[in-house]
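Step one of this worksheet: look at the structure below.
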Amino acid sequence: MRSPSRFPLRALTSVLGALTSVLIAGSTTAYAAAPCPATPNTSDFRGVNWADPRDNYATDAVVPSGLSTTDDYRTVYRVTTRMVGDFRKNLGANTLRLPINPASVGTTWWRSYRAAIDAATAAGHKVILSYWEADTSKDGLVDDVAAWNTMWDTVVREYGRNPRVYFEPMNEPHGYTLDQWVSVASGWITRHRSVARNHVVVSGTGYNDNVTGVGAAPALRGTLLSLHFYGFWASDTQKSAWLANLTARIGPYANRTIIDEAGAPMTIGLNYGASDGNTSTAYFAALTETARANRMGIVYWPGLRFGDSYSITSVGPDGHLVNNSATGVARLRWGWGFGTTEPVNDDPPAPPGQPLINTATGRCLDVPGFSTTDGTQLDLWDCNGGGNQSFNWESNKTITVYGSKCLTATGDLVTINACTGTADQQWTLTTAQTVTSGADPTRCLDAPTGGAVVVTTCTGAASQSWASHL
């Protein structure tokens, strides 16, 4: 995702030894600031990430949400055309960032996946292709240098002269020191001399979280830079603190930098017309203000990713995209440079909702697959902060999710349904940390198998105990 779990702290491992063939020997170099390239700014990158539901980390093929490895070229082209058309119509986007890995390039899936690039560029979108490592490593290093080179050779051969395609050699190279990463990136440039430098997007160091080092490196002069920036990196609730946080990561290189991952919860009712007082709204206000003031591009994470509460759109019943947050979209468009009046609303942000945690398992009450269909049965899932795990206890004792669906005791099952306020949708959290049904106070919310959530006779069992800040 772009969930906090994407950023574990890992020490540099012995894998570095396997990569010495692509590194230039040397210790930490203090780079002098390089002259700025001819590119005046990156504001024309108004984009979104189209992501695999697994967060793009995969040992097998990466497949953006809504596609399937069984899709042929024509199907991928048709779906992508609809997606990018909706991204443009709904948001004003003109850029699509797509993941690649060796299992996706030069393979059977590649014959179809190329259609995503072809359809997007044919529609006038810029496309940023970014290499993601496998989910079995996540050590911030290229998994297999030979396979990585072969992958990029294929991609560059097919798209290196396409004026709308941009190349990001690696996403989040946090396993490398600055010197090592500069060497890897400059080696990529040398190998692919046919690619114009202003079409190479060099990731910042760490988790793409700082571009000052790569921006100053003479070997990378003339390239674009990519920065990632997220609101779960700190707990500040004031925009001013986030402005200072972001500014230090950019340094004097705003004119070369695309913020090609940044996002905030879009499915839990936050009001992005407000800023101070809430971590997510303060962060997003600072992000968009910085981008607008410095004419920097933003490629939002994600434009679409199933199961991600940060996804700014969802697929509607007719297959077209619908926006998940009107205020979030307004704030993103402001950051992209649209409009002349900042979308400010002084109302306090809506409560973000809270998880309901089963104390026997430590897992969270969850609406499977982010479903909004009435009658969907709830279960337990690993807690992840998703909008399908964010609940509000309303004044009429109903528990809502998505702002419009209510937990319902449907016989022995617990489902979501349109809110009616009836007794079967009312719940009470007792001092014993059980959640009893308004239809029958002797029956409790229960997860006896650690999976499906049901309503059963209250027994005081650990599976009927819930931790909540609702």
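The values are calculated or read from the model by the stated rules, or taken from the named source; none is laboratory data. Note that the structure is predicted; figures quoted are calculated from it, not measured. So basically every Cβ, Gly included, is an ideal-geometry build from the backbone, and we count neighbours across all protein chains shown.
Here are a few things to note about the model shown:
- Region 373-385 - residue that is more than 16 Å from residue 410 (Cα to Cα) and in contact (Cβ under 8 Å) with a residue 24 or more places away in the chain and, of those, surrounded by the most Cβ atoms within 10 Å (Cβ to Cβ): 380
- Residues (touching a Ser or Thr at 6+ places or on another chain (Cβ under 9 Å) and either part of a helix (DSSP H, G or I) or not polar (S, T, N, Q) (or both)) located in region 54-65: 55, 57, 58, 60, 61, 62, 63, 64
- Filtered residues of region 120-155 (kept if buried (at least 20 other Cβ atoms within 10 Å of the Cβ) and among the β-branched types (Val, Ile, Thr)): 127, 128, 142, 155
- Scope region 306-323; condition closer than 20 Å to residue 67 by Cβ, within 18 Å of the chain's Cα centre (by Cα) and assigned to a loop (DSSP other than H, G, I, E, B); matching residues: 306, 307, 308, 310, 311, 312
Let's see how each residue does on (1) under 22 Å from residue 287 (Cα atoms); (2) in contact (Cβ under 8 Å) with a residue 60 or more places away in the chain:
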{"residue": "44", "(1), (2)": "yes, yes"}
{"residue": "66", "(1), (2)": "no, yes"}
{"residue": "71", "(1), (2)": "no, no"}
{"residue": "78", "(1), (2)": "no, no"}
{"residue": "85", "(1), (2)": "no, no"}
{"residue": "95", "(1), (2)": "yes, yes"}
{"residue": "107", "(1), (2)": "no, no"}
{"residue": "117", "(1), (2)": "no, no"}
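- For region 60-85, a residue qualifies if it is closer than 30 Å to residue 137 by Cα and hydrophobic (A, V, I, L, M, F, W, C), and the qualifying residues are 61, 62, 63, 67, 76.
- Of all residues in region 278-305 being among the basic types (Lys, Arg) and on the phi < 0 side of the Ramachandran plot, the one that is farthest from the chain's Cα centre (by Cα): 292
- In the set (1) within 20 Å of residue 263 (Cα to Cα); (2) within 17 Å of the chain's Cα centre (by Cα), residue 100 fails one condition alone, (1).
- Scan of region 328-347 for residues that are out of contact with any helix residue (DSSP H, G or I) (no Cβ under 6 Å at 6 or more places or on another chain), of a type outside the set (Phe, Trp, Tyr) and crowded, with 21+ Cβ neighbours inside 10 Å, ordered by number: 328, 332
- Pick from region 156-175, criterion farther than 17 Å from residue 198 by Cα and free of Cβ contacts under 8 Å to residues at least 40 places away in the same chain, ranking: surrounded by the most Cβ atoms within 10 Å (Cβ to Cβ): 173
- Test: residue in region 129-147 that is over 26 Å from residue 198 (Cβ atoms) and in a helix (DSSP H, G or I): yes
- Subset of region 65-122 [among the β-branched types (Val, Ile, Thr) and under 22 Å from residue 299 (Cα atoms)]: 76, 79, 80, 81, 84, 95, 100, 117, 121
- The strands (runs of 3 or more DSSP E) located wholly in region 190-293 that include 3 or more residues which are within 30 Å of residue 367 (Cα to Cα) occupy 224-230, 257-263.
- Answer residue from region 387-421, given it is loosely packed, with under 14 Cβ neighbours inside 10 Å and within 29 Å of the chain's Cα centre (by Cα) and is modelled with the highest pLDDT among those: 418
- For region 46-59, the set of residues classified as within 13 Å of the chain's Cα centre (by Cα) and either without any contact (Cβ under 8 Å) to a residue 12 or more places away in the chain or more than 24 Å from residue 143 (Cα to Cα) (or both) consists of 47, 48, listed by residue number.
- Picking from residues in region 362-372 that are surrounded by fewer than 17 Cβ atoms within 10 Å (Cβ to Cβ) and more than 20 Å from the chain's Cα centre (by Cα), the one that is nearest to residue 428 (Cα to Cα) is 362.
- Of the residues in region 267-280, not one is surrounded by 17 or more Cβ atoms within 10 Å (Cβ to Cβ), closer than 21 Å to residue 310 by Cβ and in contact with a strand residue (DSSP E or B) (Cβ under 6 Å, 6 or more places away or on another chain).
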